[in-house]
Each structure stands twice: as structure tokens, then as C-alpha cells.
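Quick notes on the structure that follows.
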Amino acid sequence: MLSRSLTAAVWTPSGRGAVATIRVQGDLTELSEGIADVFHAASGRSLAEMPQQRIHFGRWGRDAAEDVVVCVTNSKTCEIHCHGGDAAVSRILSDLESVGCVVTEWYWQLETERGVSEYEHAYALSQATTLRAAAWIAVQVGRMERAIAELTELVASGQREVAAARANEMLAWENFGRHLTRPWEVVLAGRPNVGKSSLINALVGFERSIVFDEPGTTRDVVTANTVLDGWAIRLSDTAGQRGSARDLEAAGITRAREAFAMADVRLLLIDVSQPPHADDWQLLAEWPDAIVIAHKVDLSDIWGEVLPTNAIRVSSLQRTGLKELSSVIVARLVPKLPPEEAVIPLTDRQRCELMTYC
Ligand SMILES: Nc1nc2c(ncn2[C@@H]2O[C@H](COP(=O)(O)OP(=O)(O)OP(=O)(O)O)[C@@H](O)[C@H]2O)c(=O)[nH]1
Ligand SMILES: [Mg+2]
């Protein structure tokens, strides 16, 4: 067994890929001895004898060996490139573990002098799902460490109030920062049959949710990921809301209400081709901050005067009003962009650390 001075981590994204890369860090002489019976270089050399910065072809495994390419990148790091399937990766990791390597996450192998914020920055960057979010995260490198050092100095020199004001300035971008690595939640609700599933399909551009001309079609929360103006959005379609529902439908409605309550933006649909119903008024009164959508405007509008004045007129069938709706959603989610030099907290730990100065 090796002393636990070696770590191994996968550096390629999870899931199936052409090639996967496993990085091992630590004492490579120990590693070389440990894997002598599982790794056989075509050159006959042991890992310890391999010149750095060269690629070495070889076979990995005691029986049913498979092809790998190994590269010793410096005196403490070697990379094993193997088939990108999960099976090949887990087999090599488990061999490494069985000889004493500690399997860890890739960002803990970063060589950094700046501490935890740099790990967090690298991890956050890997979690960005849009280029726009990645660009905002990329420019944050090093900013949080510097900001915290400044806050600490301010407190040490008795300027606690100035420090609190600065920390609050950064915390103002807390929600923006949180959604650089996870999607904004946009939830649709409305009475049964108003066209919620049709609208979600129109917004994502494919048939994600079942559409049917019968109330109560959607029974649970159905989600679909999309991007609006460069921001990652998770749309949720929900069961139609009606006061008279029973059993299974009622359970779906409870789930729908929970999802609606938690949303970053709520879309409340009304079907203008049907007369207003008590449940419509109830929903409008209950969720005054929701974006109201006057749906099915391709049909004759029965609501007329009583339609809320700020309602956005949409027809999912004819695909009209979708652009306007998208820009209203984006304006709600990101009403203002941070200034370029803003320090944006990216993780819960950073948010908590800033709060200690407030
Ligand atoms: N004319 C017209 N019909 C629409 C439009 N959007 C949806 N519909 C029709 O309305 C009916 C109900 O649509 P759904 O999208 O299933 O409605 P829903 O709100 O998801 O219904 P539940 O899941 O039962 O709550 C279907 O027959 C759709 O084809 C629209 O913009 N115009
Ligand atoms: Mg539905």
C-alpha cells in the first residue's frame, strides 16, 4: 500500500466522451511501484523512468487490459488518458484507489497559493452552462480574495462601517452570482387547459410537455432547460390550478403551488377565449407579482376590458408574443447588470464570509 500522499481525479467532464483524463498527483516514485503490475508501457519503462512531457503508450489492467496514454507532466503529476466511457475511468480509479491513491475532485488538485477562493472560482467556471455566464465568472478570478483582504484591513483600522458598506455592495449581486452557476427558475401556472404546456413547448422549441384538449393533462411538474438572452433558465410546467380538484390531481396541484411559490419568476396564464373564472381571479389576487399572460389571443378575446392592463398577449399556436414575453422574463430576472469591476460572490461560502462584515 502507498502512503496516502497521492491523489487521483478525473479532469474531463462526466458522462461519455472520446477520451477521459485522470490526473494523479503526489510522489510518482511511490505511484510507479504501486501500479507496476497494472500499467505496462510499450517501451518497457516503469512510470518512474519515463521522461517528463512525453506521451507514453501502454496497456492498463491485469487481465483484459486496455490502451492508455500516460504523460508525466512534472515531478509530481502524471496524466492517464483512457477511453472516455465511465467503465474505463472507474476501473482505473479503482485500481489507483486499491494501491492507496485518494480519489478526489479535480479542483482540489489545482496548485494554488491563493486558497479556497481560487478552487471555488475554477469550480464555478466549470458549472457555467452559458458563454455569457462563463464570461462573468472568468473575470472574477482573484477578485474575492483581494476584496476580503481589503475588508479585513478596513476592520483592523477601525473602519467597520466602510467595510460593511463594501460587503453590502458585493452582496447586492448575490442572486446574480448564484445564477451564474445554476439556472433561474421560471414556473408557469394557470387554470387547467389555458395552454401552459403549449407555451413551455413554444418557448423551448420542442414538444417537451404533453398538450391535450382536456383539462388536467399535466399532473406533475415537468421541467425543460433553455437559454434566454444568454442566461440559463429552467422552465417548469405545472398541473392546472382549480379549486375543485380531488386526489391525484389535487396532489399535482399542491406540487404546482410549491414550485410556483419558489420560482424566481412566475408566469400566470389566462385563456382569453374563455370567460373569466373564479379560479382565475383567485390566482391573479394571490400572485400579484406574476407576469400575466393573455393566452390564445388568436381566438376571440372574451376578457376585453377586464384583462389586466399589463398582460402580455401570446399565442403559442401561432407563435406570437413569444419574443416580448422572453424579454419581459429576462428583464425581471436581471433588471440590471453589475458594473464591470464588481466583485460577485459565487458560492454560499463567499456569501457567508461577506455577511460577517455586515
Ligand atoms: N387557439 C389556441 N389554442 C391553444 C393555444 N395554446 C394551447 N392551445 C390549445 O389548448 C389546449 C390545452 O393546451 P395545453 O397546453 O395542454 O394546456 P395546459 O394548460 O397545459 O392544460 P393542463 O395540463 O390540463 O392544465 C390544447 O388543445 C391546445 O392545442 C393557443 O395559443 N391558441
Ligand atoms: Mg399541461
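Results for (1) out of contact with any Gly (no Cβ under 7 Å at 6 or more places or on another chain); (2) farther than 23 Å from TRP108 by Cα; (3) outside the structural domain of VAL99 (by TED's automatic domain parsing), shown as yes or no for each residue.
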{"residue": "PRO13", "(1), (2), (3)": "yes, no, no"}
{"residue": "ILE22", "(1), (2), (3)": "yes, no, no"}
{"residue": "ASP27", "(1), (2), (3)": "yes, no, no"}
{"residue": "SER32", "(1), (2), (3)": "yes, no, no"}
{"residue": "ALA41", "(1), (2), (3)": "no, yes, no"}
{"residue": "ALA48", "(1), (2), (3)": "yes, yes, no"}
{"residue": "GLN53", "(1), (2), (3)": "yes, no, no"}
{"residue": "SER75", "(1), (2), (3)": "yes, no, no"}
In the stretch 128-171, what residues are assigned to a loop (DSSP other than H, G, I, E, B), loosely packed, with under 14 Cβ neighbours inside 10 Å and either modelled with pLDDT of 95 or more or touching a Gly at 6+ places or on another chain (Cβ under 8 Å) (or both)? VAL139, SER157, GLY158
Selection from the stretch 15-49 of residues that are more than 20 Å from CYS101 (Cα to Cα) and assigned to a loop (DSSP other than H, G, I, E, B): GLY15, ARG16, GLY17, ALA18, ALA42, SER43, GLY44, ARG45
Looking at (1) assigned by TED's automatic domain parsing to the domain that holds VAL19; (2) assigned to a helix (DSSP H, G or I); (3) in contact with a Leu (Cβ under 8 Å, 6 or more places away or on another chain); (4) within 25 Å of GLY17 (Cβ to Cβ), can you tell me which one GLU97 breaks? (3)
Among VAL155, VAL204, VAL141, VAL162, which is within 16 Å of ligand 1 (Cβ to nearest atom) and out of contact with any Pro (no Cβ under 7 Å at 6 or more places or on another chain)? VAL204
Could you grab me the full set of residues in the stretch 281-315 that are within 16 Å of ligand 2 (Cβ to nearest atom) and either among the charged types (D, E, K, R) or exposed (fewer than 14 other Cβ atoms within 10 Å of the Cβ) (or both)? LYS296
Per the list (1) in contact with a helix residue (DSSP H, G or I) (Cβ under 7 Å, 6 or more places away or on another chain); (2) surrounded by fewer than 17 Cβ atoms within 10 Å (Cβ to Cβ); (3) among the β-branched types (Val, Ile, Thr), residue check on THR226 breaks on (2)
For the stretch 215-242, enumerate the residues that are outside any loop (DSSP other than H, G, I, E, B) and either aliphatic (A, V, I, L, M) or in contact with a Ser or Thr (Cβ under 6 Å, 6 or more places away or on another chain) (or both). VAL222, THR223, ALA224, VAL227, LEU228, ALA232, ILE233, ARG234, LEU235, SER236, ASP237
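The values are calculated or read from the model by the stated rules, or taken from the named source; none is laboratory data. As the structure is a computational prediction, the values presented were derived from the model and not from experiment. Don't worry about glycine lacking a Cβ; one is built from the backbone with ideal geometry, like all the others, and counts go over all protein chains shown.
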